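In what follows, a single structure is set out as structure tokens and then discussed.
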Amino acid sequence: MIQVFQYPHETLLQTSTPWTQDDSIAGYDDKEKFETDMIKLMLEERGMGLAANQIGITKRFFAIGHETFDTFQKHAIIWNPQVINFSEEKVIDVEGCLSFKDIFVKVERPKKIEVQYETTQGKTEFAKLNGMESKCFQHELDHLDGITFNKRVSKLRWQMANKG
Ligand SMILES: [Zn+2]
């Protein structure tokens, strides 16, 4: 069974490597079954994103989706995601993370991004993201580089968030 690890679990601190067609998921013969389980886990935890290394797998993919999103209205797992363009304009908005229970903190990030990723079927897709969807994608992509959101804010802001 997969589970969400809490910071500072070691895989959260590691940089993940690209997903290749030869890769498989330990404990799963069936990739579709794994995808169903990962998305189910994200929904049970009330997340709108869940990175592979949050469940202990240091490969570049994450689950994303929320009914308010434009591109990822349906929950999906996307493989080898990348940001290919950032807007200069930035926004500061509240983020949470399933690996940091009950901590919410304002994080500044580029407002709009253009992204590239592979679908489960191996097709390369491009999209322009804005709002919470953009923020969520950037947060999950950070995970794959071993960057958790506490590293995106000042010490003071982090301490204040921790006091609740
Ligand atoms: Zn997170």
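The values are calculated or read from the model by the stated rules, or taken from the named source; none is laboratory data. Every value quoted in this text rests on a predicted model; they were computed, and no experiment measured them. Glycine also receives a Cβ, built like all others from the backbone with ideal geometry; neighbour counts cover every protein chain displayed.
Apart from one condition, Ile103 fits all of (1) within 16 Å of the ligand (Cβ to nearest atom); (2) buried (at least 20 other Cβ atoms within 10 Å of the Cβ); (3) of a type outside the set (D, E, K, R); the exception is (2). For Ile55, the conditions (1) surrounded by 16 or more Cβ atoms within 10 Å (Cβ to Cβ); (2) without any contact (Cβ under 8 Å) to a residue 24 or more places away in the chain all hold with the exception of (2).
Return the only residue of Ile92, Ile78, Ile84 being within 16 Å of the ligand (Cβ to nearest atom) and either of a type outside the set (Phe, Trp, Tyr) or in contact (Cβ under 8 Å) with a residue 12 or more places away in the chain (or both).
Details: Ile92 fails: within 16 Å of the ligand (Cβ to nearest atom); Ile84 fails: within 16 Å of the ligand (Cβ to nearest atom).
Result of the check over Ile92, Ile78, Ile84: Ile78.
From the list Thr36, Thr71, Thr11, the lone residue that is at pLDDT 95 or above, surrounded by 17 or more Cβ atoms within 10 Å (Cβ to Cβ), more than 16 Å from the ligand (Cβ to nearest atom) and among the polar types (S, T, N, Q) is Thr71.
Out of the residues in region 46-66 that are in a strand (DSSP E or B) and among the hydrophobic types (A, V, I, L, M, F, W, C), state the one that is farthest from the ligand (Cβ to nearest atom).
Looking only at region 46-66, we keep the residues that are in a strand (DSSP E or B), and these are 49-51, 59, 61-64.
Still in the running and among the hydrophobic types (A, V, I, L, M, F, W, C): 50-51, 61-64.
Details: Leu50: 8, Ala51: 6, Phe61: 14, Phe62: 9, Ala63: 11, Ile64: 11 Å.
Result: Phe61.
Counting only residues that are surrounded by fewer than 22 Cβ atoms within 10 Å (Cβ to Cβ), outside any helix (DSSP H, G or I) and either at pLDDT 95 or above or under 15 Å from the mean Cα position of the chain (by Cα) (or both), region 114-144 holds 12 of them.
The number of residues in region 82-133 being touching a helix residue (DSSP H, G or I) at 6+ places or on another chain (Cβ under 7 Å) and aliphatic (A, V, I, L, M) comes to 8.
For Gln82, the conditions (1) closer than 19 Å to Phe62 by Cα; (2) outside any strand (DSSP E or B) are fulfilled apart from (2).
Just to check your reading of the model, which residue among Glu44, Glu88, Glu95 is loosely packed, with under 12 Cβ neighbours inside 10 Å and in contact with a Lys or Arg (Cβ under 9 Å, 6 or more places away or on another chain)? Of the residues listed, the single one that is loosely packed, with under 12 Cβ neighbours inside 10 Å and in contact with a Lys or Arg (Cβ under 9 Å, 6 or more places away or on another chain) is Glu88.
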